[in-house]
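**Q** Starting off with a structure, shown below.
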Amino acid sequence: MTRAVLSLGSNLGDRLVHLRSAVAAFGEAVRRVSGVYETPPWGDPDQ
């Protein structure tokens, strides 16, 4: 069996819905999901 760790991020629209949809798209392949963390912008704030 191959295992992978995937980090997802979202910065537009309803971010939580986007993240949940991405996890749901993987279906039964997902074994564990971490909590959602929100951090301040980094780098150029006008991006």
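Every number in this text was worked out from the coordinates using simple rules, so none of it is lab data. Please read all numbers here as calculations on a predicted model, not as lab measurements. When we count neighbours, we look across all protein chains shown, and the Cβ atoms used for this are built from the backbone with ideal geometry, even at glycine.
**Q** Which trypsin sites (Lys or Arg not before Pro) does the chain hold that lie in a coil by DSSP with at most 13 other beta carbons within 10 Å?
**A** Numbers: sites: 3, 15, 20, 31, 32; in loops: 3, 31, 32.
Answer in residue order: 3, 31, 32.
**Q** Suppose every Lys and Arg Cβ carries +1 and every Asp and Glu Cβ carries -1, with no other charges. What dipole size does the chain come out with about its Cα centre, to the nearest 20 debye?
**A** Values: 5 positive and 5 negative charges, 79 e Å.
I would put it at about 380 debye.
**Q** Grab the DSSP H runs of the chain that are 4 residues or longer, score each as -39,500 (n - 2.57), total them, divide by all residues and round the 222 nm result to the nearest 500 deg cm²/dmol.
**A** -7000 deg cm²/dmol
**Q** Could you tell me what % of all Cα pairs in the chain have separations over 18 Å?
**A** Numbers: 435 of 1081 pairs.
That fraction is 40 percent.
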